[in-house]
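Heads up: the structure comes next, in structure tokens.
No lab work stands behind these numbers, since they all come straight from the coordinates. Keep in mind the model is a prediction, meaning the values are calculated, not measured. Positions of Cβ are backbone-derived with ideal geometry, glycine not excepted, and every protein chain shown enters the neighbour counts.
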Amino acid sequence: MLRTGDALIMVDVQNDFLPGGTLAVPGGNAIIAPLNRCLGAFEHRGLPVFATRDWHPPDHCSFESKGGPWPDHCVAGTAGAQLASGLRLPANVRIISKATTADAESYSGFQGTDLAEQLVASRCTRVLIGGLATDYCVRATALDARAAGLEVVVLEDAIRGVEVQPGDGRRALEDMRNHGVQVLTVEQAILSGDHPERH
């Protein structure tokens, strides 16, 4: 059940990570509806919403064209870098741009940003996390949130994995659980009481 001190972090729900994008996550579109359900609940309660985004320069070190592991994606200011148009974002959503310099990769929404400071300023004690992709940016953001001392809930119906190797998404969820992350559906997270997942 949502409570005072909660914040929602939507990770990299950008066009290039959705079907038709340059680094499309399989089934990525399926997270839009549950995220919108969550966004509506947060807006109704007046709770803060953060949206991280890759905001890369054209010569970013992660790009295959520069010897990196990924296709060129989410170049700042391009259509591919825009947040998905299907998201029903509140007017006061806080955008967190990451990996904005050419020589540094940043999977976590906390790395090289002021997200941690903004969460402290919001008196946040727990974050709910959904977005793309489970096995990279969602995992890194969730683990950094735990390292910052926050309670963390990952929304299992609002995430999808890249799956470079089959099972990467499942392994990422196991890793997150092992670090104290709860894994719940959107409905469980926003409607039910707090029932820590049994291991």
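Structure data summary
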quantity: Residue count, region 98-118 (criterion: buried (at least 23 other Cβ atoms within 10 Å of the Cβ), closer than 25 Å to ARG37 by Cα and touching a residue at least 40 places away in the same chain (Cβ under 8 Å)); calculated: 2
quantity: Matching residues, region 97-117, being in contact with a Phe, Trp or Tyr (Cβ under 7 Å, 6 or more places away or on another chain) and polar (S, T, N, Q); calculated: SER97, THR100
quantity: Residue list for region 24-41, filter: farther than 19 Å from MET1 by Cα and touching a residue at least 60 places away in the same chain (Cβ under 8 Å); calculated: VAL25, PRO26, GLY27, GLY28, ALA30, ILE31
quantity: Subset tally (residues that are of a type outside the set (S, T, N, Q), assigned to a helix (DSSP H, G or I) and either under 19 Å from THR22 (Cα atoms) or in contact (Cβ under 8 Å) with a residue 12 or more places away in the chain (or both)) for region 129-148; calculated: 11
quantity: Residue that is nearest to PRO166 (Cα to Cα) [pool: residues in region 119-146 that are buried (at least 24 other Cβ atoms within 10 Å of the Cβ) and of a type in the set (D, E, K, R)]; calculated: ASP135
quantity: Failed item, numbered, when CYS124 is tested on (1) in contact (Cβ under 8 Å) with a residue 60 or more places away in the chain; (2) part of a strand (DSSP E or B); calculated: (2)
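One line per residue, one yes/no per condition, for (1) of a type in the set (D, E, K, R); (2) out of contact with any His (no Cβ under 9 Å at 6 or more places or on another chain); (3) more than 22 Å from VAL13 (Cα to Cα):
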position	(1), (2), (3)
VAL120	no, yes, yes
ALA140	no, yes, no
LEU143	no, no, no
ALA147	no, no, yes
VAL162	no, yes, no
GLN165	no, yes, no
ARG171	yes, yes, no
LEU184	no, no, no
GLN188	no, no, no
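Matching residues to (1) in a loop (DSSP other than H, G, I, E, B); (2) surrounded by fewer than 18 Cβ atoms within 10 Å (Cβ to Cβ):
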| site | (1), (2) |
| --- | --- |
| PHE50 | no, no |
| ARG53 | no, no |
| SER65 | no, yes |
| ASP72 | yes, no |
| ALA91 | yes, yes |
| ILE96 | no, no |
